[in-house]
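> First the structure, then my questions, so here it is.
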Amino acid sequence: MNELDRALDAMRDAIASHRDAPERLIEPLDRFHDSGYLQRRIARMLDRGVDSTRESVRDIGENNIRLDSRPEYSLHLEIWRAPKPLLHSTAVDSVLRVISPTPVLQRVYRIDGPFDPEVFVADVPLRLESERRIDGIAHAQRKGEGRVYDYVSESPFLTLELSLRPADPYLWFFDRERLRSTYASFSGAQLSGYTLSAKALAAVGEARALPLLMRMTEHPSHAVRWAAIQALGRIDGDAAFERLERAEHDPHPHIRNAAARTLARLRTETEDAHD
């Protein structure tokens, strides 16, 4: 067992006893931060930026490293070099450890309008809820419920974030200058993998995948459900038609509308073929 694994095991044990009190995540986060492995990695990142030797850490972006991810939590290390042009929503309770040579200003915004993480609405504004200064190495608790966080500093700094759940699969993004919603996108690698798998199965027309795709049409994510229905259309037209009829009553409005349009087109094509 390497040093990273030992540090992660100690943190997991602490998380298991603190799940009902997010503020108590500070203790396991501090233990992990104080591990020799992370201290050396932070020193390298501050000296040279994100280095290319990831050891057993999976890279998910130029400045963002996922250290660990489980069904019950996720752990990220991120370097902030400049104010981000886009901010994104969060619906998770988490604790950050901010590591900075200069003070960092934390701004908390609330989404000031209709907010359903699964149903994006453009041009929804953000309203400033609070702001505070964080000095040196300090903690910042983050709560979900339609909040957006921004961090500003005169110099690059790091955040080590421990969340009780993995990051939202579907994030709203907001223009930092206008403070308005601009688009939404998937962040979850697993969900993106599901949608890509459905498209790949459709491309090769793999009939043996029919039972799996039928189960995927019941997935909690609307994007996975719709990708599975589309894939069914390439493999089994009857099954796809039946799922489209069910999708007219889907809880997500985008799927209901898309299913209604698709069924109307298919019925028109069928009528034209019979004329």
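Bear in mind that the values in this text are calculations on the coordinates, not laboratory data. The model shown is predicted, which means the values in this text are computed figures rather than measured ones. We place every Cβ from the backbone using ideal geometry, glycine too, and count neighbours over all the protein chains shown.
> Listing 172, 226, 80 from the residue with the fewest other Cβ atoms within 10 Å to the one with the most, what is the order?
80, 226, 172
> If you stretched the chain out fully between residue 154 and residue 131, how much longer would it get, using 0.36 nm times the residue separation minus the C-alpha to C-alpha distance?
Going from the current span to full extension adds 6.6 nm.
> Which parts of the range 78-118 would a label at residue 183 reach, counting a residue when its backbone N lies under 20 Å from a point 7 Å out along Cα-to-Cβ?
Of the residues in the range 78-118, 84-90, 116-118 have backbone N under 20 Å from the label point off residue 183.
> I've got another one for you. Which order do peptides 211-222, 227-238, 258-269 fall in by mean Cβ count within 10 Å, highest first?
Highest to lowest by the protection proxy: 227-238, 211-222, 258-269.
> Report the label-to-label distance for residue 265 and residue 40 in nanometres (one decimal), using points 7 Å from each Cα along the Cα→Cβ vector.
A separation of 5.6 nm, rounded to one decimal place.
> Further question: Tabulate in residue order the Karplus-calculated ³J(HN,Hα) for the range 230-243, using 6.51 cos²θ - 1.76 cosθ + 1.60 with θ = phi - 60°, rounded to whole Hz; enter x for Gly and Pro.
4, 5, 4, x, 8, 10, 8, x, 5, 5, 5, 5, 5, 6
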